[in-house]
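The values are calculated or read from the model by the stated rules, or taken from the named source; none is laboratory data. Computed from a predicted structure; not experimentally measured. Because the Cβ atoms are built from the backbone with ideal geometry, glycine has one as well, and the counts that use them run over all protein chains shown. Protein only, heavy atoms only, side chains kept; ligands, DNA and RNA dropped before computing areas. Shrake-Rupley method; radii C 1.70, N 1.55, O 1.52, S 1.80 Å.
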Amino acid sequence: MSNGSFQINMRDMRFILYEQLGLERLCEFDKFKDFSRETFDMVLEEGAKLATEVIAPLNSIADKEGCTFERGIVKVPEAFHDAFKKYCEGGWIAASVDAEAGGQGLPESLGLATAEMFVAACCSFTTYPGLTRGAANLIESFGTREQKKLYLEKMYSGQWTGTMCLTEPQAGSAVGDIKTMAKKEGDHYLINGTKIFITAGDHNLTENIIHAVLARTPHAPPGIKGLSLFIVPKIRIHPDGTLAGPNDVNCGGIEHKMGLKGSATCTLNFGDEGKCQGYILGQEGQGIQLMFQVMNEARLGVGLQGFALGNVAYLYALKYAKERIQGVEIEKIKDPHAPRVPIIKHPDIRRMLMTMKAYVEGLRALLYRTAYYADLARVATDPQERENCENMIELVTPICKAYSTDLAFRITEWAIQVYGGYGYCGEYPVEQFCRDVKITSIYEGTNGIQAMDLVGRKLSQKKGALVMGWMKEISEFIEKHKGHPAFGPSVAQLEQAKNTLVNVTMHFAKVAAGGDRLYPMLQACPYLEMFGEVELAYLLLQQAIIAKDKLQAIFDKAGASAEEAQWRVIEEQAEAAFYSGKVHTAQFFMSNILPKVQSTAAAILGGDRSALAIPEVAF
Ligand SMILES: Cc1cc2nc3c(=O)[nH]c(=O)nc-3n(C[C@H](O)[C@H](O)[C@H](O)COP(=O)(O)OP(=O)(O)OC[C@H]3O[C@@H](n4cnc5c(N)ncnc54)[C@H](O)[C@@H]3O)c2cc1C
């Protein structure tokens, strides 16, 4: 599917959803019994149509026009209005929200797949519905019956949008340093303070904006334990849902950013005139606890943003590499009459494309599978199974967020490299992806903070049960496929990498038990990357084993021996080419990327502390 050059890799999406994860199995559960493979396919097709025809045309407009701030009014790019209406009419904000809460009740994994298409089409546009979903999710999870009635329908339908307001100038990563105050007054609180960097914080898309604000009540203890969570509407609301007038929430300005220019990033002043009313969610002091409960979903969402932009950059680069004619094949380099070839013939271009392909296909599997665990956790009747799914989500969420977004920036950079000089120019799309994607490694907890979460919290959580559950899954896979005729050696490589990861994990535990908390934190980012490489190797190998069987079935059907028919069939059948691609991709990853795990481990186990030892003046 394409609009101009915008493309969606629907085949790979379907492969992961149906052939790797077995999404249809969810239809056996009561919760999803009204769905089928056909309805899932229809949702994907509808999503692709909206992404291609309505959202993708916004992307370069969003970048060039950006948002404006004049006389206190924030305006989004003009073309967003009609697209937002269509997006909301399709019910996409609440696609995977339970039907009882006003959503379509789709599986999270399918919702994530459609989100991939929308983000790839125009990431800045999707921040408005995305934040709305996040804020509504908080109200759905922790609001009173009255609050749900007042807000949810209007937010899930897109009549009102939402935001998440945590950051303040002195409180970025250190959320516990938030100073915004909330003072009880009757049935509400008076909110006073300034939030910065608030995505979709103000705009002219909707008549109202519902802010989820973290603030501190008087006499609350210092740090995160003293924070509470409030719903703060931009426009006050009568009990019947009609609008009542301004709530003393004002935009102080918008940021001028490197990318994501269609997304309004705002400074918000709450209660300059002492009249800003907020309504508490949960109890005083529960703010962080409540935020934590929706954080996994938000972090998976940002991981998806990164991946989706990396993936679309890869698809553009691939198309360009097949069209751009430059140079001759290396074997004919001395022949001035040799035919000029598309750059995809050059080994270095193939290396970059293959690296990008391997990463995006592995990341897609990682992200979809994490959402699939959330689906399984929702339907599991066995408490042990539910706990296993929840453990897995807890463990891999920082990897989904940080590994995906770090790689995505590199993937967009390789895409520019494939384009050569044209990639560096604004007339071509890839430089925008590179600028747009950078923020994903920064917001929703920087990637450094994610790595600290993995090493400092997740590894030891439940006495190591999370990581042991993960090891068990990989070990079972290794055991099952050890003697695989085609992939036996790759499975052995995976086992070696997994064992190396175990060694480093144990090393961290030993170092921390000895009282050294600095060293594991120093090495947390490389460790997270190692973890990601092993996880992707496992998922790509799993794909290759499935693909190899499917490929064999195609050959068998063609009535020729695999050896003889292989290339003929590949040329004739897109399906065979797809599966063959999977086999080669896994092979590439195992041979070219996975070995990095060993050198990273050697560096970590080597114990060098020079980055800690160096005096600041010596930098
Ligand atoms: C475009 C954009 C949109 C945003 N949207 C929102 C939003 O909707 N809502 C919202 O609340 N916020 C939002 N943010 C804010 C964003 O979440 C913060 O920028 C981010 O959390 C980092 O905070 P900071 O910028 O203050 O950096 P800092 O916290 O000052 O961090 C600077 C560097 O120091 C590192 N660092 C900080 N503390 C530690 C530590 N203890 N250990 C190790 N390393 C550390 C960080 O990893 C980072 O590399 C947005 C920001 C931007 C730019």
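Listed here are the residues, each with its yes/no results for (1) among the acidic types (Asp, Glu); (2) surrounded by 18 or more Cβ atoms within 10 Å (Cβ to Cβ); (3) at pLDDT 95 or above.
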residue: ASP556; (1), (2), (3): yes, no, no
residue: GLN566; (1), (2), (3): no, no, no
residue: GLU571; (1), (2), (3): yes, no, no
residue: ALA586; (1), (2), (3): no, yes, yes
residue: MET590; (1), (2), (3): no, yes, yes
residue: LEU594; (1), (2), (3): no, yes, yes
residue: ALA602; (1), (2), (3): no, no, yes
residue: ALA613; (1), (2), (3): no, no, yes
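Looking only at residues of segment 279-299 that are assigned to a helix (DSSP H, G or I) and open to solvent by less than 20 Å² (accessible area, probe 1.4 Å), we find that the one that is farthest from ARG340 (Cα to Cα) is GLY287. Just one of the listed residues (PHE40, PHE69, PHE35, PHE84) is modelled with pLDDT of 95 or more and in a loop (DSSP other than H, G, I, E, B), namely PHE35.
Scanning segment 19-32 for residues that are under 20 Å from the mean Cα position of the chain (by Cα) and not in a loop (DSSP other than H, G, I, E, B) gives GLN20, LEU23. Among all positions in segment 433-442, there is at least one residue which is part of a loop (DSSP other than H, G, I, E, B), at pLDDT 95 or above and within 28 Å of GLU390 (Cα to Cα). Mind checking which pairs have a first residue in segment 162-174 that is within 28 Å of ILE93 (Cβ to Cβ) and within 7 Å of the ligand (Cβ to nearest atom) and a second that is aromatic (Phe, Trp, Tyr) and assigned to a strand (DSSP E or B), Cβ under 7 Å, 6 or more apart or different chains? Within 7 Å, the pairs are THR167/PHE197. Screening ILE235 with (1) open to solvent by 10 Å² or more (accessible area, probe 1.4 Å); (2) farther than 20 Å from PHE84 by Cα; (3) of a type in the set (Val, Ile, Thr); (4) within 16 Å of the ligand (Cβ to nearest atom) gives one miss only, at (4). Going through (1) open to solvent by 50 Å² or more (accessible area, probe 1.4 Å); (2) closer than 30 Å to ARG145 by Cβ one by one, GLU65 falls short only on (2). Restricting segment 246-267 to residues that are open to solvent by 20 Å² or more (accessible area, probe 1.4 Å) and touching a Leu at 6+ places or on another chain (Cβ under 9 Å) leaves a set whose member that is farthest from the ligand (Cβ to nearest atom) is ASN250. No other residue among VAL379, VAL396 is surrounded by fewer than 21 Cβ atoms within 10 Å (Cβ to Cβ), touching a residue at least 60 places away in the same chain (Cβ under 8 Å) and aliphatic (A, V, I, L, M) apart from VAL379. Exactly one residue out of LYS31, LYS49 is open to solvent by 50 Å² or more (accessible area, probe 1.4 Å) and in contact with a Lys or Arg (Cβ under 9 Å, 6 or more places away or on another chain), and it is LYS31. The residues of segment 158-180 that are over 23 Å from the mean Cα position of the chain (by Cα) and more than 21 Å from GLY271 (Cβ to Cβ), listed by number, are GLN159, GLY176. Filtering segment 306-350 to residues that are in a helix (DSSP H, G or I), touching a residue at least 12 places away in the same chain (Cβ under 8 Å) and farther than 27 Å from GLY259 by Cα leaves LYS322, GLU323, ILE330, ILE343, ILE344, LYS345, PRO347.
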